[in-house]
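These notes concern the structure reproduced below.
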There are 2 protein chains.
Amino acid sequence: MKMPPWPCCPKEIPHNEKLLSLKYESLDYDNSENQLFLEEERRMSFLGFKCLEISRWVICGLIGFLTGLIACCIDIAVENLAGVKYFVVKQNIEKFTEVGGLSISLILWAVLNAAFVMVGAIIVAFFEPGAAGSGIPQIKCYLNGVKIPRVVRLKTLVVKVCGVICSVAGGLAVGKEGPMIHSGAVVAAGVSQGRSTSLKKDFKIFEYFRRDTEKRDFVSAGAAAGVSAAFGAPVGGVLFSLEEGASFWNQMLTWRIFFASMISTFTLNFFLSIYNKKPGDLSSPGLINFGRFESDVSVCGLLGALFNILNYWLTIFRIRYVHRPCLQVMEAMLVGAVTATVSFAMIYFSNDCQPLGPDQSEDYPLQLFCADGEYNSMATAFFNTPERSVRSLFHNPPGSYNPLTLSLFTLTYFFLACWTYGLTVSAGVFIPSLLIGAAWGRLFGILLASITPDGSIWADPGKYALIGAAAQLGGIVRMTLSLTVIMVEATGNVTYGLPIMLVLLTAKIVGDYFVEGLYDIHIKLQSVPFLHLEAPATSHWLTAREVMSAPVTCFNRIEKVGTIVDVLSNTSTNHNGFPVVVPVCGLILRSQLIVLLKHKVFVELARSRLTQRKLQLKDFRDAYPRFPPIQSIHVSQDERECMMDLTEFMNPTPYTVPQVYTKVTYQPCLPIGALLNEALENLPGLCETLQIIVYVGYRDEVVNQKLC
Amino acid sequence: MKMPPWPCCPKEIPHNEKLLSLKYESLDYDNSENQLFLEEERRMSFLGFKCLEISRWVICGLIGFLTGLIACCIDIAVENLAGVKYFVVKQNIEKFTEVGGLSISLILWAVLNAAFVMVGAIIVAFFEPGAAGSGIPQIKCYLNGVKIPRVVRLKTLVVKVCGVICSVAGGLAVGKEGPMIHSGAVVAAGVSQGRSTSLKKDFKIFEYFRRDTEKRDFVSAGAAAGVSAAFGAPVGGVLFSLEEGASFWNQMLTWRIFFASMISTFTLNFFLSIYNKKPGDLSSPGLINFGRFESDVSVCGLLGALFNILNYWLTIFRIRYVHRPCLQVMEAMLVGAVTATVSFAMIYFSNDCQPLGPDQSEDYPLQLFCADGEYNSMATAFFNTPERSVRSLFHNPPGSYNPLTLSLFTLTYFFLACWTYGLTVSAGVFIPSLLIGAAWGRLFGILLASITPDGSIWADPGKYALIGAAAQLGGIVRMTLSLTVIMVEATGNVTYGLPIMLVLLTAKIVGDYFVEGLYDIHIKLQSVPFLHLEAPATSHWLTAREVMSAPVTCFNRIEKVGTIVDVLSNTSTNHNGFPVVVPVCGLILRSQLIVLLKHKVFVELARSRLTQRKLQLKDFRDAYPRFPPIQSIHVSQDERECMMDLTEFMNPTPYTVPQVYTKVTYQPCLPIGALLNEALENLPGLCETLQIIVYVGYRDEVVNQKLC
């Protein structure tokens, strides 16, 4: 039945970059408590509920274990590949330093880098574009309730793991930590379903968890396990999941997430200790270990904001002009080669020679034109994996770097990292940010020590490197609580907790003044209809009717099959949730209707068979999550005349908004899902407007209900 | 108007101890978005919202500052009083050890203890019973949405601070950490309102925050600041607030809470460093500082569960028989004297003499019958404030205690602490739990070292003390995430993070198998209608109509004043929220009606003055939070005939539950507030039943809406 048209809402001119994409659907985080569900619940014994609870813990344990294992593989692969590369290049440089002709070394280095990067870029660009970048924005969106296509597939995971190994080994200014978070989430989404749709293998376990609500909880746990494995920070992982993702907070869930995080760190440690031939030594907590600090406050998120602004422009450029896979691969290779060339040039023209210490802290010390027993200090920063560079900036004794080296390094690396993020390779932004911050933090420390007469308090520039690293990363990603804990856990020392917190808060406030965080920028650039936790301050006075369009597409409780098929096939009203209006309000989803149509659950009035075929929850779970499109379902002309009884299947308790201050008495409450459908349809998807629309309802629930 | 009666719901026999008390009201966490509110929002500029935001940060800063200051005062007072006491007693003991007649020392000690405790107990029992205990259960309830009378008053704060100083100085087996959390919460509730009702002083600031929703957020921040000051654990404080209290999660709020926590730790540090004459040295993070650990896993929550069971019985005994203030004071004094006597006896009969180290780690070493240059080891544990005892158990070198001493100490202290918690004094259970755990952890470590041939790995019993302390505390209070972080932050070392987590999880699982956590037990014993985050597993199939009673007490949109007064005065239907039913659903609160009646906002039909007196939000805010009872409002017979238009004041968007599966078509949605009212009225308050009732609605919102 159709409803009377509402007064039209104010239209706004769509802005190009801020347009929300209609290709994103929403996850159904609202449990459909229909009759089938209630019957199942009623049949289930207390023991059954206990079993479910235990399964949840088991799954979280598995997630932690597998995530840790993946982190371990990535770590070992990167170490070995990078080791071989640096060994070959170093040999070559040493050979040609004596006889002249270092340009050959440069070419060798550039070619090796480009080759690694090419492999990484090709698999991402041609096989699974969803594996590009760190994947953190995608996971944020997923946990926010937006269905990003292919984000938690097995193929994405495989490409991501191979891709990140290639890009780190290829010497790009990237880290391997961000992708771990995505990997953990994919593992979680896979394990919790007890089957793989890609591999066509169903283990017939965990069937109860085959719906978005349950899957979401496990994906939070997976993301936390990923952080935990990447930084050795289980508590930080939990906080990351909460701060960045979860709109849903629950004590039991937190404990499960915590459990997954712990298992993940533990697994990684255990296998790495075996690999390093020191079984049982669990002291290397994560993929990156800043080392233990054995021991005031500065600065701002200005650089972070600058980074974000530059990257924003660059990404817009990329979206407009670099959208063909071939171009993307070529750009990635170019960046790889340029990184090598710039690094080489910096090392070549640097004359900062440092004596080779007795403890041999450098892994690949380059002598070049330095005297015997000395090494090139610039090479410590450039001729190394970023993780090692960060560590040496934190820990090398005062005087290891001269200020000129550091400033040049900061400057070049800043632009390299900025160029690199957003390439079509799997890569994280954590480590490059830390590296930039560490470099200028150390620089700042050296300058401070040189201007203060009594340099004893300010003696250790490593502290400034740490603080700078925190500030830079905070300025770019804008996390505070979780980042503090991650940094504290990764450094293994609580002493710097307070300064790190202060710096992160400052960086956030300063940064927010100029531009949003990097992840939010990328979410916006991908036109994802992301919902923030806070409603716009002035949205209180907007009412439901002001943003609703007409006519509402809805069904009767007993509806003709033909009508349903027509509505579902209508591409202009491509909704995913429909109110069921007479005599009670309810909500039925497109996916449910598809399953019903597929199983031909019709009441054939003509043959006076009034009983519908009995369908069970299992049928819906089997079809989850890849429901076929309406076009693939054949409905004959006879069947079109049948009726379908939606009572059993609709959600009889959808979230509703009262139509405040309207004179309409027809329908005192309307499902908000339907409301949003219509609103989104009517307004051309302008971001701010949608925000306001959804906050007309109740904040949290709307996140669940964003059906578009 | 009255509604048709529903079929009666299943009655259950009320159980004595599980009865919910009707004396507790609920806080109104649901913002009443009525016309007045919307008009105010509409008038407010963007700048106005920014100002509010800044005020929130300023308030959080103030909360942190004041909480830190209070912690500082408590610390200094306790140190000095306890110092004087121990000095006097030690002098006395030394005098009488030589000449004989130690019974005089015993009496002196017991009398001193009893005197301190008496002062503490008298102020609590006679002036402010709400200040008894740690206050953590009360704060949990407050954040859960239950209005515990007098819990956030200034008087409570004063009594609490003085009380905790007396009880710690009086040598009871208590800590000063728990009360800090309550103190922080009171500070927050006071500061955020910009006035003191007790002191009759209104600063005319922060008026916007005079409602339960806003106050709740600040109280979370205050509790976090309290934890932060108590343990030097800002992150732990935030997590405590989230894990124990907040049903509401929000990024901005988290950051503000975090900010308050940081300021609190910082303030405490700053003033303590001045007091200790080392200004600028911010290394002593909290009230308790476990010292820095320079560096495997056991056990269970069995002891914790035993503690809780014993305390449960004891508390039931106290509720039944010890309810007069005089008796309570006498019991407290008795415990004080017994503590001294038992301690004395233990020290007297112990023959565990240890050589006095060169570093003089003991503050009050008692020689007693030991040889010169030796001290009595039992006295280290008993003749000391609990904080110092914990620290010496963690850090004293192996061999400082012999196993017999430790086992005797553990046993006696266990019973003392169990007896002490629940006395009518301000006292925390954190430190006693840690002390018990540390003692048996150390004992376990010593035993393990003695049975393993190569004792080198198991050499440091201090580690076991730490793990044991965590396990014991976890077993008693059942926190995991926040406690892990608190312990890690307090020890200043991340290395023990993983074992602590494992131990806490184990302790929780084992403990939960037997009995609930201590705080939950006390909440239940006080018959507070506390709502847990998880609904009972089998509550899905309960519908609203099954738990609703009839008739629903509700109003028309334009209602006769006489009717309103009668309904409010009716003690048998002592509701606090009423649905407004014709023609739209809305909800109006008792407190709102009281303000309306007080301001005589009537439509006098007789004199055909159809305009009501205009009321503003300010009037409601001024009356908050102590609304007068209906009896104090005089309404004349003429006025009773007037009408009152509720449209402007009612909340037009209350939470509602559709009446699923009922045949009633009269009212498709009923405000859940009213629903709960009636349900609570009808069922005689059985705990489990109420739980189920409220989860019929939507989980989170119900917490807001618990109007009884």
Q) Do we have residue A:600 as more than 26 Å from residue A:209 (Cβ to Cβ), modelled with pLDDT of 75 or more and more than 14 Å from every other protein chain (Cβ to nearest Cβ) here? A) yes
Q. Restricting attention to segment A:547-561, does a residue exist that is modelled with pLDDT of 80 or more, of a type in the set (A, V, I, L, M) and surrounded by fewer than 19 Cβ atoms within 10 Å (Cβ to Cβ)?
A. yes
Q | Pairs where the first residue, in segment B:248-267, is within 9 Å of another protein chain (Cβ to nearest Cβ) and the second is at pLDDT 80 or above and assigned to a loop (DSSP other than H, G, I, E, B), C-beta under 6 Å, 6+ apart | A | B:265/B:232
**Q.** Verdict on residue B:534 being at pLDDT 65 or above, within 9 Å of chain A (Cβ to nearest Cβ) and within 24 Å of the chain's Cα centre (by Cα)
**A.** no
Q) Of the residues that make up segment A:79-91, is at least one away from every other protein chain (no Cβ under 14 Å), farther than 27 Å from residue A:254 by Cα and hydroxyl-bearing (Ser, Thr, Tyr)? A) yes
Q: Report, by residue number, each residue of segment A:603-628 that is hydrophobic (A, V, I, L, M, F, W, C) and modelled with pLDDT of 80 or more.
A: A:617, A:620, A:623, A:627
Q) Conditions: (1) farther than 19 Å from residue B:431 by Cα; (2) within 10 Å of chain A (Cβ to nearest Cβ); (3) at pLDDT 75 or above. Residue B:513 meets all but one. Number of the miss? A) (2)
Q.
Looking only at segment A:495-515, how many residues end up being within 19 Å of residue B:236 (Cβ to Cβ) and crowded, with 23+ Cβ neighbours inside 10 Å?
A. 4
Q) Here is a list of conditions, (1) surrounded by fewer than 20 Cβ atoms within 10 Å (Cβ to Cβ); (2) closer than 19 Å to residue A:327 by Cβ, and residue A:100 meets all of them except one; can you say which number that is? A) (2)
**Q.** Criterion: touching a helix residue (DSSP H, G or I) at 6+ places or on another chain (Cβ under 9 Å), more than 14 Å from every other protein chain (Cβ to nearest Cβ) and not in a helix (DSSP H, G or I) - qualifying residue of A:192, A:183, A:198
**A.** A:198
Q.
Step by step: first the residues of segment B:494-510, then only those that are farther than 26 Å from residue B:143 by Cα and among the β-branched types (Val, Ile, Thr), then the one that is nearest to the other protein chains (Cβ to nearest Cβ). Which residue is that?
A. B:494
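The values are calculated or read from the model by the stated rules, or taken from the named source; none is laboratory data. As the structure is a prediction and not an experimental result, all values here were calculated from the model. Positions of Cβ are generated from backbone atoms using ideal geometry, with glycine treated the same way; all protein chains shown enter the neighbour counts.
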